[in-house]
Amino acid sequence: MHAVRGNVDTGAWAEQLPPTRVVEIGNLRLFVLHRIADLNFDPAAQGFRAVVFGHSHTASQELRNGILYLNPGSAGPGRFRLPVTLARMLVDGDSVHPDIINIDR
């Protein structure tokens, strides 16, 4: 598991979490951050295959210029009347196959 610090993660325990993370799986590089609005570079130009982010608690997946943008949503306590979700990503060679999973409350 790889985690990054969110906007309401405070306290000593949260200081251990970085604001961003690069995850390498085989030959693929994934960039992980909390708020997609904080992404300040072109992931394709930097060799990333996917960007994983959160903040909105709304699950989504979109392919832009060959880069997967994946928001797993939120698997914690339900907020904002949004569904409780998580994402699973299958890595197969140079391909990523995301799957958003709804969790029944």
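The values are calculated or read from the model by the stated rules, or taken from the named source; none is laboratory data. Note that this is a predicted model, so its numbers are computed, not measured. Note that each Cβ is placed from the backbone with ideal geometry, even for glycine, and that neighbours are counted across all protein chains shown.
Can you name every residue in segment 1-55 that is among the basic types (Lys, Arg), within 26 Å of Phe80 (Cβ to Cβ) and not in a loop (DSSP other than H, G, I, E, B)? Lay out the reasoning, then the answer.
Applying the first criterion (among the basic types (Lys, Arg)) to segment 1-55 yields 5, 21, 29, 35, 49.
Now drop any that are not within 26 Å of Phe80 (Cβ to Cβ), which leaves 5, 21, 35.
Selection gives Arg21 alone.
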TODO: Quickly run through segment 61-87 and pick out the residues that are in contact (Cβ under 8 Å) with a residue 24 or more places away in the chain, under 15 Å from His34 (Cβ atoms) and among the hydroxyl-bearing types (Ser, Thr, Tyr).
DONE: Tyr69
Open item on the list: Within segment 70-80, does at least one residue satisfy the condition of being part of a strand (DSSP E or B) and either within 16 Å of the chain's Cα centre (by Cα) or among the charged types (D, E, K, R) (or both)?
Closed with: yes
Open item on the list: Which residue is modelled with the highest pLDDT, if the candidates are limited to segment 64-76 and must be under 19 Å from Met1 (Cβ atoms) and surrounded by fewer than 16 Cβ atoms within 10 Å (Cβ to Cβ)?
Closed with: Ala75
Open item on the list: Looking only at segment 79-91, count every residue that is at pLDDT 90 or above and of a type outside the set (A, V, I, L, M, F, W, C) and tell me the total.
Closed with: 2
- [ ] Name the residue, out of Ser56, Ser95, Ser60, that is of a type in the set (Gly, Ala, Ser) and in contact with a Leu (Cβ under 8 Å, 6 or more places away or on another chain).
- [x] Ser60
- [ ] With the condition kept exactly as written, say whether any residue in segment 28-49 is modelled with pLDDT of 90 or more, of a type in the set (S, T, N, Q), closer than 16 Å to Met1 by Cα and surrounded by 10 or more Cβ atoms within 10 Å (Cβ to Cβ).
- [x] no
